[in-house]
Amino acid sequence: MSASDYPVSHSVVRWPGEKKTQNSVLQFDPCALAEKGFQVIRRYGTDIFQLERDLDRVSCGQLYYSNRVGVLCHQYSVLPESANFSEQMLCGGFHTDFMFQPHPPAYIALLCLQPDPKHPFYGRNQVVHVQPFLERMQQAFGVSEQDLRDHRLVYDLAERGRFEQPILDDLDGKLIFRFHERLLGKGQMQGGAETDMSMAAMLHAVMMDVTADICLDRGDLLILSNHHALHRRGECSIEFDGVAGKWRAREMATIRFNL
């Protein structure tokens, strides 16, 4: 990791190899999305209506609407207490957005409206690309891509009951992730490798090994591949503003879309 002089107020930590560019006009980097599973656009701005217009343009109108969320652009912030994973201070779990849908959205745009009060140490984003994940699973545990396709992880969902799904799936003939670490049922079976570790423990160990750690400042935009990468956010903090009489916390906006 290296630090730059952006912004003037404090340093931002960049991931290794990050291009020091900024885009007021949204443009995708196909190489970054293919090779790393994500693209960072610094100083994009905090206009969520502009973000929606830009993504509507580049996706040719393929913005992803969820009845559960109820809007195209979902805004949220960390709260002192919440049942919603995205609003909790606790570290999130690696996951695919809308993994249980037949066709999960292909991409996710995450716009930082306000960084964590203890930025850049808290409130980071972490991304796991499928290729280094597969290579390390084979190298560390002897678990192959086919093993991961065959091994059915167990999810215990209050609204759906017991549900089984491999971490790797085929969608329109292409390999994709389908996974949500925080929703896994307890007592996952051993994964068939020569180890006493459960499959859930092996997956988490490898994800932590190969993850890319990303710090977003106010106005920075992160584009993720929801099919070829898993993502989560690190632990967050909050800060009480005695003058304003309210909590300060990480604030984000997200839009899912297809191309």
Next item on the list: State whether the residues of region 196-207 include one that is β-branched (Val, Ile, Thr), farther than 27 Å from Arg68 by Cα and modelled with pLDDT of 95 or more.
Entry: yes
Notebook entry, point to check: Among the residues of region 29-44, is there at least one that is aromatic (Phe, Trp, Tyr), at pLDDT 95 or above and part of a loop (DSSP other than H, G, I, E, B)?
Noted result: yes
Notebook entry, point to check: If we only count strands (runs of 3 or more DSSP E) wholly inside region 79-162, which ones have 2 or more residues that are in contact with a Ser or Thr (Cβ under 6 Å, 6 or more places away or on another chain) and either modelled with pLDDT of 95 or more or over 30 Å from Arg248 (Cβ atoms) (or both)?
Noted result: 107-114, 125-129
Notebook entry, point to check: Pairs under 6 Å by beta carbon, first residue assigned to a loop (DSSP other than H, G, I, E, B) in region 209-235, partner crowded, with 23+ Cβ neighbours inside 10 Å and among the small types (Gly, Ala, Ser), six or more apart or different chains?
Noted result: His228/Gly37
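The values are calculated or read from the model by the stated rules, or taken from the named source; none is laboratory data. Because the structure is predicted, anything quoted here is derived from the model rather than measured. Glycine gets a Cβ as well: all are built from the backbone with ideal geometry, and neighbour counts include every protein chain shown.
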